[in-house]
């Protein structure tokens, strides 16, 4: 009980910092998810009839995810300096794989007979993509987007180490001052803010999925 | 009737890296309003041939002529919007309602909204589905038979003159398939579309086709003619083998009860003089007589035993389980005879009045006539 009240004191005295870091993390999530989504969905669409190119891009995206995050955040510093830029690049590279994988899986799962009949009725390749393939693959693609967004919330805590800000600031400063007063409270603040953000984003994206899905949900 | 609806002229299709062409120098013309069935063993190139017509597969050589116009090089998407296409797996769009599925081609052709909505209801009614019930449903809520009905409705969406059907009823259970075939033939009798229909099932070919093209490897035409001619006079051994041993039985589906001479049998009317009846029965040699009521409607079978029994005749006789009408096929007649307790099948007219009986002898007589390439082949018994 003591811990909880002292944590609450800690947070309520730092309202401004909480707001700033939450907004910083949120900026990462939005920009990274949008950028990675645009690149990965385009890549998945372009390579949908080219198995070799598709497998190659999936392999490259997988390689990114195997690089330790601490390393990936730091190797871009010589190129772009400290702060937002190296963090954004690292998070972007991580976020590609889940969306790309789900885009290729979703597009490949469209029944050949559906494509055959679409073509047979005179839909152009672009119309087939926009009216048939993407709408059918959309729920799967959106699931990939959600994974990437959550991944970004978690990994963006590292950004603080390259002066990129975000809720990771609380974790870093707490860690640096351990075991001084308020150090544990600081770490907990970072963790709880991360969790709360992840939960909120998950709920929002699930809602978006329900709104945009045109699959029949009712049963006969 | 002067110009063919579709014409393939010396069309070939060779796939890269395959020496033997899938379709080899095929020339074929489809007349307006007919159902031309392409039938042959698997791998003979019949589906490839069908897909050459709407250029789902581009020909390596040759010309495709559609309503007198060379369409070998026009925009294939525009061509396909003028040709209905039905495939075995249907391929309805699972994320769109039945109405939206049917609206696909009209929307591509930018029909006004009101006209599209009207067309959707019209087509659903045409294929026997209540628009109120099915319009807003999704394909996952349909049975296989219903899905293919919607598939046909969708293919008819923009009222094309031509339908290409690739084994449309192939994945459907036999009972539903039979019903869909009948419904489709009934539809076709009013729509008069030009239809190219692919199947591997010779029975389906005989039933559906105005003309049948039997194809062998490389989409070579082994024989192209009316079904009754092919059944009676197979061009060669390949065709004969493909038809199988039941050619005569198959040909029974092409002929109607009205085509054969009915046996009048002995007809008994109340009040029956039992002694005279017994004599007449013995003289006829058929063993059974038909008891009819005052309106000339058959009541029951009467044999010697029922005449000798003391009870009322109508009760002593044997029940007539099936009655045929002149429009029924001879195959129906055969199965009615096999079910009948007397071995004969009663034929009545539309109002139920007795016309005569189908007997094994009358059927056999007719079949022998067919086997001799006889005159009975000249008139087709199929309804238009």
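The values are calculated or read from the model by the stated rules, or taken from the named source; none is laboratory data. Please read all numbers here as calculations on a predicted model, not as lab measurements. Don't worry about glycine lacking a Cβ; one is built from the backbone with ideal geometry, like all the others, and counts go over all protein chains shown.
Might you let me know whether the stretch A:12-33 holds any residue that is within 14 Å of the chain's Cα centre (by Cα) and surrounded by fewer than 14 Cβ atoms within 10 Å (Cβ to Cβ)?
Within the stretch A:12-33, one or more residues are within 14 Å of the chain's Cα centre (by Cα) and surrounded by fewer than 14 Cβ atoms within 10 Å (Cβ to Cβ).
Restricting attention to the stretch B:72-119, which residues are more than 27 Å from residue B:198 (Cβ to Cβ) and either touching a residue at least 40 places away in the same chain (Cβ under 8 Å) or surrounded by 17 or more Cβ atoms within 10 Å (Cβ to Cβ) (or both)?
B:95, B:97, B:99, B:100, B:111, B:116
If you check B:335, B:311, which single one turns out to be part of a loop (DSSP other than H, G, I, E, B) and without any contact (Cβ under 8 Å) to a residue 24 or more places away in the chain?
Of B:335, B:311, the one residue that is part of a loop (DSSP other than H, G, I, E, B) and without any contact (Cβ under 8 Å) to a residue 24 or more places away in the chain is B:311.
So which of B:192, B:211, B:186 ends up being surrounded by fewer than 18 Cβ atoms within 10 Å (Cβ to Cβ) and at pLDDT 95 or above?
Within the list B:192, B:211, B:186, the selection yields B:211.
Going by what's in this entry, would residue B:152 be described as within 14 Å of chain A (Cβ to nearest Cβ), assigned to a helix (DSSP H, G or I) and in contact with a strand residue (DSSP E or B) (Cβ under 9 Å, 6 or more places away or on another chain)?
Taking the combined requirement at face value, the residue satisfies it.
Give A:122, A:106 a once-over and let me know the one that is surrounded by 22 or more Cβ atoms within 10 Å (Cβ to Cβ), more than 30 Å from residue B:161 (Cβ to Cβ) and within 14 Å of chain B (Cβ to nearest Cβ).
Answer to the selection: A:106.
Does residue B:157 satisfy the criteria of being in contact with a helix residue (DSSP H, G or I) (Cβ under 8 Å, 6 or more places away or on another chain) and within 14 Å of another protein chain (Cβ to nearest Cβ)?
When the stated conditions are applied, residue B:157 passes them.
Quick one: which of B:204, B:228 is within 20 Å of residue B:163 (Cα to Cα), in the same structural domain as residue B:27 (by TED's automatic domain parsing) and either under 15 Å from the mean Cα position of the chain (by Cα) or part of a helix (DSSP H, G or I) (or both)?
After ruling out the rest, the residue left standing is B:204.
In the stretch B:18-130, which strands (runs of 3 or more DSSP E) lie fully inside it and hold 3 or more residues that are within 14 Å of chain A (Cβ to nearest Cβ) and in contact with a strand residue (DSSP E or B) (Cβ under 6 Å, 6 or more places away or on another chain)?
Where strands (runs of 3 or more DSSP E) fall fully within the stretch B:18-130 and carry at least 3 residues being within 14 Å of chain A (Cβ to nearest Cβ) and in contact with a strand residue (DSSP E or B) (Cβ under 6 Å, 6 or more places away or on another chain), they are B:83-87.
Within the stretch A:125-135, track down each residue that is farther than 20 Å from residue B:54 by Cβ and facing chain B (nearest Cβ under 8 Å).
A:135
Condition check ((1) surrounded by 15 or more Cβ atoms within 10 Å (Cβ to Cβ); (2) at pLDDT 85 or above; (3) more than 30 Å from residue B:220 (Cβ to Cβ)) across all residues:
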| position | (1), (2), (3) |
| --- | --- |
| B:239 | yes, yes, no |
| B:246 | no, no, no |
| B:253 | yes, no, no |
| B:264 | no, no, yes |
| B:267 | yes, yes, yes |
| B:286 | yes, no, yes |
| B:298 | yes, yes, yes |
| B:301 | yes, yes, yes |
| B:308 | no, no, yes |
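Among (1) in contact (Cβ under 8 Å) with a residue 60 or more places away in the chain; (2) buried (at least 20 other Cβ atoms within 10 Å of the Cβ); (3) out of contact with any helix residue (DSSP H, G or I) (no Cβ under 6 Å at 6 or more places or on another chain), where does residue B:138 come up short?
(1)
Those residues that are assigned to a helix (DSSP H, G or I), within 21 Å of residue A:112 (Cβ to Cβ) and either modelled with pLDDT of 95 or more or within 11 Å of chain A (Cβ to nearest Cβ) (or both), I need them from the stretch B:131-146; list them, please.
If the condition is that a residue be assigned to a helix (DSSP H, G or I), within 21 Å of residue A:112 (Cβ to Cβ) and either modelled with pLDDT of 95 or more or within 11 Å of chain A (Cβ to nearest Cβ) (or both), then B:139, B:140 are the ones that fit.
As an exercise: evaluate residue B:165 against (1) more than 12 Å from chain A (Cβ to nearest Cβ); (2) under 30 Å from residue B:66 (Cβ atoms); (3) buried (at least 17 other Cβ atoms within 10 Å of the Cβ) and give the number of the one condition it does not meet.
(1)
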